[in-house]
Amino acid sequence: MQQFNFPTNLLYGQGSLAQACSRIKEFGYKNPLLVTDKTLVKIGLINQVIAELKNNNIEVVIFDDTHPNPIEQDCIDGAKFYQEHNCDAIIAVGGGSPMDAAKGIMVLATHTGPLAKYDDAIGGDKLITNALPPLIAIPTTAGTGSEVGRAGVIIIKETNAKTIIFHPTMMPILSVLEPKLTIDLPPHITAATGIDAFTHSLEAYFSPIFHPMAQGIAIEGMKLCLDNLETAIMDGHNISAREKMLLASSMGATAFQKGLGMIHSIAHPLSSECGLHHGLANALMLPACIRFLASQNLTSQQNKCMQEIQDLFIQRGMAKDNLADSCQAYFEKLGIKFELKNHGVAENQLELLAGKALQDGCHQTNMLPMTKESFLTVIRSAF
Ligand SMILES: [Fe+2]
């Protein structure tokens, strides 16, 4: 017996934001907390959301004190803000960071801290017993897919590690894929976030967990990336490419209920220890991880799984000799400069990174079991 979960109501395409604000009015929320970050306030993107809310006579309280790679303090401060202003819902607007911070705020606004006790790896979800505030998610990047996820990733105080806080009721009640909110993302962020979406689908596809529906979504998600990410980078105002990438992002995160793998286990400490953008960290590690897996004794099923993704490259005339080389050439075309040392990672950090990667939960569903030594081998090969 298995339980398959599928996400929530998704509004997709131009006009989604206006429709969402009208739905928020119908829901009857009086005082939503809008969780975002300072960059989105500074560049004025948030004004588009506020204007649509005002059109529906909805006033919001804004909390913008969230970090890229959100930390526990963001959630503590946001929860205090939520309580002080008697809020009754949360609207998260931004990339993965404000959306994940919003999920931590949902927990701490209704439960006592610290967040460490809610760590999913130690069964912390069982301590989330009070009703959480309803969440509406409006992504402004296409990659994380947090808008269809029941978990937030927060750097907690105790360990300084990215930690998964999970609960089924953390799922947004409405997710809004409005392409006009992503058209001004700079090319390097479009590339990094888009590669994160691709990596979610690829690692989900590699995961051994039985979930044929998620498997189908993963392969379609990768096709959407291969067909649209380059256009979204080169021609940011191309609405069709932008909305397809938003969909690819939601599909990647839907697929990874099958699990992720070693790429994300290395990417997480590359962010928390070395400050790398999450999508960039995935991009830098993905070819090295595939090369490592391909060098092991794979079953015919595992080899078939790799070939099926390589076939997507072959069908598009984008293939190199093997899947790792195809992905590397593709990412280079998207503007990624390879090797960790080119991105501020020091050689004396590699051992620490391997240890932290082993502690990370994502590789539990990797194609093959990992050890600290094998993590170190892969990280060195990408250095
Ligand atoms: Fe990711």
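Just so you know, all these numbers are worked out from the coordinates, no wet-lab data involved. In this text the structure is predicted, and so the values were computed from the model without any measurement. FYI the Cβ positions are ideal-geometry reconstructions off the backbone, even for glycines, and counts take in every protein chain you see.
Working from the Cα coordinates of the chain, the gyration tensor eigenvalues give, after taking √(5λ), semi-axes of 33, 23, 19 Å in decreasing order. Summing +1 for each Lys or Arg and -1 for each Asp or Glu among the other residues whose beta-carbon sits under 9 angstrom from that of residue 67 gives -3. When the Cα atoms of the range 175-306 are aligned to their principal axes, the ranges along those axes come out at 45, 35, 24 Å in descending order. Extension gain, residue 9 to residue 210: 0.36 nm times the residue separation minus the Cα-Cα distance gives 69.9 nm. Taking a straight line from the alpha carbon of residue 30, these aspartates and glutamates sit under 15 Å away, with near neighbours fewer than eight places off in the same chain left out: 59, 84, 88. Under 15 Å from a label point set 7 Å out along the Cα-to-Cβ vector of residue 308, the amide N atoms of the range 168-212 belong to 201-212. Over every Cα atom in the range 59-135, the radius of gyration and the widest Cα-Cα span, Dmax, amount to 11.8, 39 Å. Ranked by how many other Cβ atoms sit within 10 Å of their own Cβ, fewest first, the residues 223, 356, 25 fall in the order 25, 223, 356.
Using a simple spin-label model with pseudo-atoms 7 Å out from Cα toward Cβ, residue 227 and residue 23 lie 2.4 nm apart.
Entry for the range 327-382 at q = 0.12, 0.24, 0.28 Å⁻¹: log10 I(q)/I(0) = -0.35, -0.99, -1.06, Debye formula applied to identical alpha-carbon scatterers, no solvent contribution. A crude spin-label estimate for the pair residue 42 and residue 160, with each label 7 Å from Cα along the Cβ direction, gives 2.5 nm. Going by neighbour counts of Cβ atoms within 10 Å, the residues 128, 105 line up, fewest first, as 128, 105.
In straight-distance terms, cross-link reach from residue 162 covers every one of the lysines whose alpha-carbon lies under 28 Å from its own, apart from those fewer than eight places away in the same chain; here that gives 38, 42, 80, 103, 117, 126, 258, 337, 341, 356, 372. Residue separation of residue 73 and residue 117 scaled by 0.36 nm, minus their Cα-Cα distance, works out to 14.3 nm of gained length. All C-alpha pair distances within the range 273-337, sorted into 5 Å bins from zero, spread as 4, 17, 25, 23, 18, 9, 5, 1 percent across the bins. Under the criterion of Cα pairs below 8 Å and six or more residues apart, the relative contact order for the range 187-382 equals 28 percent.
Take each of the peptides 135-144, 212-221, average the number of other beta-carbon atoms within 10 Å over its residues, and list them starting from the highest.
Values: 135-144: 28.1, 212-221: 19.0.
Order by mean packing, descending: 135-144, 212-221.
Of all DSSP bridge pairs formed entirely within the chain, close to 25 percent run antiparallel.
This ranking places 106, 234 by how few other beta-carbon atoms lie within 10 Å of each, fewest first, which gives 234, 106. The convex hull drawn around the Cα atoms of the range 9-181, when projected onto a plane and averaged over every direction, covers 8.8 nm². From the alpha carbon centroid of the range 96-116 to that of the range 165-204 is 19 Å.
Of interest is the spacing of the C-alpha centroids, which for the range 215-275 and the range 48-79 amounts to 24 Å.
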